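Student: Could you have a look at this structure, given as structure tokens, before my questions?
The values are calculated or read from the model by the stated rules, or taken from the named source; none is laboratory data. Bear in mind the structure is a predicted one, so any value in this text is a computation, not a measurement. Reconstructed Cβ throughout: ideal geometry from the backbone, glycine too, with neighbour counts over all protein chains shown.
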Amino acid sequence: MRMKKKVLFLCTHNSARSQMAEGLLRAMYGDCYESLSAGTAPGKLNPYVVRAMAEIGIDISGHRSKHMNEFVDQKIDYVVTVCDNAKEACPFFPGGSQHIHHSFLDPSGFTGTEEEILAGVRTVRDQIQRWIAETFGADNQ
């Protein structure tokens, strides 16, 4: 049995994009990858993100925002920054052998009615899901 590759998704607050990416990678390719997430300045889990993920059958309600220092002593195969802030704050992550960057819109900045905010979060979730399939899918393992 081959070892799973470790993927660490980094964002600023570890409250939305990196949490969605962690949950999506685990659900989609958990047999090949160990999925982790953290932030450069952790906040708290975005409730709209939890709802949007639950809509597609992925429960991240038990996740917590973590600081990237929790993973600094681990060997990480892929360090993925999902926002420009994290890329600037963390251009180098010790133990990360390959760095990937792809910026997604920040759901914490979405405004409007509850339904409008949720619609925006769904859009970002779906973009992350497509990007994960392209980046970590069967052709890339």
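Student: Can you tell me which residue is surrounded by the fewest Cβ atoms within 10 Å (Cβ to Cβ) among those in segment 100-123 that are among the aliphatic types (A, V, I, L, M) and farther than 12 Å from C83 by Cα?
Tutor: Top of the filtered list is A119.
Student: Of all residues being modelled with pLDDT of 85 or more, under 14 Å from the mean Cα position of the chain (by Cα) and outside any strand (DSSP E or B) in segment 65-99, which is surrounded by the fewest Cβ atoms within 10 Å (Cβ to Cβ)? Just the residue, please.
Tutor: For segment 65-99, the residue satisfying everything is K66.
Student: While we're looking at this one, here's another question. So, of the residues in segment 105-141 that are touching a Phe, Trp or Tyr at 6+ places or on another chain (Cβ under 8 Å) and part of a loop (DSSP other than H, G, I, E, B), which turns out to be nearest to P47 (Cα to Cα)?
Tutor: Per the criteria, the residue is F110.
Student: Follow-up question, since we're still on this one. Here are some conditions: (1) of a type in the set (A, V, I, L, M, F, W, C); (2) surrounded by 14 or more Cβ atoms within 10 Å (Cβ to Cβ); (3) farther than 23 Å from K5 by Cβ; (4) modelled with pLDDT of 95 or more. M53 meets all but one. Which one does it not meet?
Tutor: For M53, the failing item is (3).
Student: Please count how many residues of segment 1-33 are out of contact with any strand residue (DSSP E or B) (no Cβ under 8 Å at 6 or more places or on another chain) and surrounded by fewer than 19 Cβ atoms within 10 Å (Cβ to Cβ).
Tutor: Residues in segment 1-33 being out of contact with any strand residue (DSSP E or B) (no Cβ under 8 Å at 6 or more places or on another chain) and surrounded by fewer than 19 Cβ atoms within 10 Å (Cβ to Cβ): 7 in total.
Student: Now a separate question. Restricting the search to segment 33-50, which residues are closer than 28 Å to A138 by Cα and at pLDDT 95 or above?
Tutor: The answer is Y33, E34, S35, L36, S37, V49, V50.
Student: Quick one: count up the residues across segment 32-58 that are assigned to a loop (DSSP other than H, G, I, E, B) and free of Cβ contacts under 8 Å to residues at least 12 places away in the same chain.
Tutor: Number satisfying all stated conditions: 0.
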